[in-house]
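Working notes, structure below.
The values are calculated or read from the model by the stated rules, or taken from the named source; none is laboratory data. Owing to the predicted nature of the structure, the values given are computational and were not obtained by experimental measurement. When we count neighbours, we look across all protein chains shown, and the Cβ atoms used for this are built from the backbone with ideal geometry, even at glycine.
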Amino acid sequence: MTLELSDVYKSYKVEGATRTVLRGVHLRVERGDTIGILGRNGAGKSTLVRILAGVEKPTSGAVRRRMSVSWPLGFQSGFLLNSTGMENIRFVARLYNRQPKRIAEFVDDLAELGRYMYMPMTTYSSGMRTKLALALSLAFDFDCYLVDEALAVADQRFNNVIEQRLRHASLVLITHAPTLVHRFCRRAAILDAGILTVHDDLDEALATYNAL
């Protein structure tokens, strides 16, 4: 089982001009792989994770998903903010053909939002929304988890669940924090000016990134 990007380009039209965010990206993730993708703000990390998840399509190139891939952990754009957290959880569970009660119990226990779980998400702080989204993502068994900056709000309980999931699944961690990559990943890639460079040696990748 693999997740593979082949010669992927992504461009946007901005005020009549073309802005290329990703340039010929190649990436192959196999079952059990843990790879961190490091990039500074504006490097194209968010675009890359959306393409990996299937939220966006590349301008050109191929994306082949031969394993089940999560939405980005912490991804909040799909929430109905006028609905309660519990209503959103049940909706996603039914969408993925899972038992709503089991998913809801898992999220309620992990996110620890208490009475807010039954309140409209418009009343949530940004951190509360991220915790709910992260817990909901971890309630599902995927072959590959996509993790973005949501780990910034994760406490030890979240990290323990993530490490448990990674005993049987792959991880693509997209971040600007080398410490997270060092903790969770066995190899890393650097995204700079739209170009992705993969390093099989983790220490080499971190040294190269720190030197940028």
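In segment 146-164, the condition of being touching a Gly at 6+ places or on another chain (Cβ under 6 Å), buried (at least 17 other Cβ atoms within 10 Å of the Cβ) and not acidic (Asp, Glu) is met by at least one residue. Taking the criterion of being basic (Lys, Arg) and at pLDDT below 95, the residues of segment 1-52 that qualify are Lys13, Arg19, Arg31, Arg40, Lys45, Arg50. Among the residues of segment 117-133, the ones that are in a helix (DSSP H, G or I), free of Cβ contacts under 8 Å to residues at least 24 places away in the same chain and either of a type in the set (Ser, Thr, Tyr) or outside the structural domain of Lys101 (by TED's automatic domain parsing) (or both) come to 2 in all. Per the conditions (1) of a type outside the set (Asp, Glu); (2) in contact with a helix residue (DSSP H, G or I) (Cβ under 7 Å, 6 or more places away or on another chain); (3) in a helix (DSSP H, G or I); (4) closer than 23 Å to Gly44 by Cα, the sole criterion not satisfied by Tyr145 is (3).
Within segment 163-184, identify whether any single residue is among the aromatic types (Phe, Trp, Tyr), touching a strand residue (DSSP E or B) at 6+ places or on another chain (Cβ under 7 Å) and either in a helix (DSSP H, G or I) or at pLDDT below 90 (or both), and answer yes or no. Yes: segment 163-184 contains one or more residues that are among the aromatic types (Phe, Trp, Tyr), touching a strand residue (DSSP E or B) at 6+ places or on another chain (Cβ under 7 Å) and either in a helix (DSSP H, G or I) or at pLDDT below 90 (or both).
Could you tell me whether Arg64 is of a type in the set (Lys, Arg), under 21 Å from the mean Cα position of the chain (by Cα) and surrounded by 14 or more Cβ atoms within 10 Å (Cβ to Cβ)? In short, no.
Residue-level analysis places Ile190 outside the set of residues that are more than 22 Å from Pro100 (Cβ to Cβ), surrounded by 19 or more Cβ atoms within 10 Å (Cβ to Cβ), within 14 Å of the chain's Cα centre (by Cα) and not hydroxyl-bearing (Ser, Thr, Tyr).
Considering segment 23-46, and only residues there that are under 19 Å from Gln164 (Cβ atoms) and of a type in the set (D, E, K, R), the residue that is farthest from the chain's Cα centre (by Cα) turns out to be Arg31.
Might you check whether a residue that is within 23 Å of Asn160 (Cβ to Cβ), among the aliphatic types (A, V, I, L, M), outside the structural domain of Leu196 (by TED's automatic domain parsing) and in contact with a Leu (Cβ under 6 Å, 6 or more places away or on another chain) occurs anywhere in segment 94-106? The answer is no; no qualifying residue exists.
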